[in-house]
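Report on the following structure.
Since every read-out is calculated from the coordinates, none of them should be taken as a lab result. Keep in mind that what you see is a predicted model, and the values were worked out from it rather than measured. Here Cβ is always computed from backbone atoms with ideal geometry, including for glycine, and neighbour counts include all displayed protein chains.
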Amino acid sequence: MRHRLIRIVAIMALGVATTGATALPAVAGQDSAGAASGFVLAISEPVPGGFASWGELFEVQGRMNAAAAAIAAAANSSAHSGLGSFIAAPENRELLVYWHGNVPSNVEAVINQMRTKIPVKILPARFTQEQLLREAAILSRHRELIEVGPLPDASGLQVKTRRGADLPSQAQSALDNAKVATVHTQDATTLVQLVSRQDDQSPYYAGGTLLIGSGACTNSFTVNHGGRTKLLTAAHCGSSGASVYDGGNDYMGTLGNRNTTRDIALVDARGTGRMWDGPWNESSVTKGVQSATFSAVGNWLCTSGAASGVRCGIQVKSNNQTIGGQSPMVIAEQTGHLNAAGQGDSGGPVFEIPAPDNGRVIAKGIISAGVVGYSASCTGIAYSCYYRIVYADVTQTVSYLGATIVTG
């Protein structure tokens, strides 16, 4: 399939629905900008894996992600790492590390240190992450291979083509001669780009409305870039140099630093290290940004689009994927098949809750698209909504841009 990524760019839709998550006050107070702070997110979706609360789940997930980051850093200290992949699904109660060959002593030392904080299980990987990403880059040159990326256990590449379509000989030959194992499936779905909170003001928070031309998107986290703050969003929301306005039609700045392959861009406007919380029409509740971490397979997340509002119960299914010509992308699903993002949420923040919930968020990504064939009932003022979404990982994004996340 050539996944038609539904770019979640809204052409100003109307119609109101409730969101699946609301913000409840834990500590009364105002931040320096006047928005309420110290609020704990009440997630309405059932807690998976037998955990007593989402807070308990996120506490385990946080320890898993910290351990994975430490192990990856040790693995990447050598020229050719045997690291295949991680699965950091808290319901497993242990971090799974897939490794090709013998584990070097320096990595083994870090793993043993991490085992004092979280159970870590080493499993054999058929291929290294380096091998898989190299072959994925070669295969993804063939446009008929609409989704290419590592399998979660590093046993090979998953490759999808459009259902019922014949592969040209060159693409078939590339598959047949791949240097890693491939699992070839067909799919009918395509990707759709998802084009107030509705009227924010400078310095801007993540999760507010962006008006660019005739479309509406959402801005994501603030970064330091080139000596000043700028706002992350999706490249498909507008062209380079386009004028960007907030939901009240106040001029914000121009769109730049676009990379259409990664579907990322920067709005040259002043931002701060906070994010809008709650439903689409929230006017007071925000959260500070604590940090940013990589989107490991199995992680549980939330989104905060200006059209849909905060949506939770979303789990990472794969990362480092090439899909619809975009790479490297993360694929995630709302496990109850409820709305994860809809039209108008493109460019918005993907986040995780720290544990204990301290009224802040951990940045995870920038919403890119929904996948056709995975439709969901909409929330807020969004339309054409999806439970399977694609987003750009925020740590890979800031590394590529030479930027840093602004915290608050």
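Counting alpha carbon pairs within less than 8 Å and at least 6 residues apart, what relative contact order, in whole percent, applies to the stretch 324-408?
RCO, the stretch 324-408: 34 percent.
Please arrange T293, T233, T404 by counting, for each residue, the other beta carbons lying within 10 Å of its beta carbon, fewest first.
T404, T293, T233
Charges on Cβ only, +1 for Lys and Arg, -1 for Asp and Glu, centred on the Cα centroid of the chain; of L57, P90, P203, which one is farthest towards the dipole's positive end? Of the candidates, P90 comes out farthest on the positive side. Shown for F86, F351, F51, F127: other C-beta atoms within 10 Å of each C-beta, ranked fewest to most, produce the order F51, F127, F86, F351. In the chain, the DSSP beta bridges split such that about 75 percent are antiparallel, to the nearest 5. Put in order of Cβ neighbour count within 10 Å, fewest first, the listed residues T379, T261 become T261, T379.
Rounded to the nearest Hz, the phi-derived 3J(HN,Hα) couplings of the stretch 312-319 under the Karplus curve 6.51 cos²θ - 1.76 cosθ + 1.60 (θ = phi - 60°) are 10, x, 10, 10, 5, 9, 7, 9, where x marks glycine and proline.
Only Lys, Arg, Asp and Glu carry charge here, each on its Cβ (+1 for the first two, -1 for the last two); on that basis the stretch 259-408 has a dipole of about 80 debye about its Cα centre. Per-residue Karplus couplings for the stretch 120-134, computed as 6.51 cos²θ - 1.76 cosθ + 1.60 with θ equal to phi - 60°, are listed in order as 10, 10, 8, 10, x, 9, 6, 9, 7, 4, 4, 4, 5, 5, 5 Hz, Gly and Pro entered as x.
Extension gain for the segment N112 to A52, taken as residue separation times 0.36 nm less the Cα-Cα distance, is 18.8 nm to one decimal.
A cut-off under 15 angstrom between Cβ atoms defines the neighbours of K117, and their net charge, with Lys, Arg +1 and Asp, Glu -1, is +2.
For the stretch 46-175, averaging the sequence separation of C-alpha pairs within contact (under 8 Å, six or more residues apart) and dividing by the residue count gives a relative contact order of 20 percent. Amide hydrogen proximity for S318: with H placed 1.01 Å from N in the peptide plane, the residues at 5 or more positions away or on another chain lying under 5 Å are I331.
Placing +1 on the Cβ of every Lys and Arg and -1 on the Cβ of every Asp and Glu, with nothing else charged, gives the chain a dipole about its Cα centre of roughly 600 debye.
Using the Cβ-Cβ distance between S377 and S214 with R0 = 25 Å, the FRET efficiency computed as 1/(1 + (r/R0)^6) comes to roughly 0.45. Only Cα pairs under 8 Å and 6+ residues apart enter the sum, and on that basis the relative contact order of the stretch 266-408 stands at 27 percent.
As a calculated quantity, the FRET efficiency between D250 and S78 at R0 = 45 Å, using C-beta atoms, amounts to about 0.35. Potential lengthening of the chain between S243 and T335 amounts to 29.4 nm, from the contour at 0.36 nm per residue minus the alpha-carbon distance.
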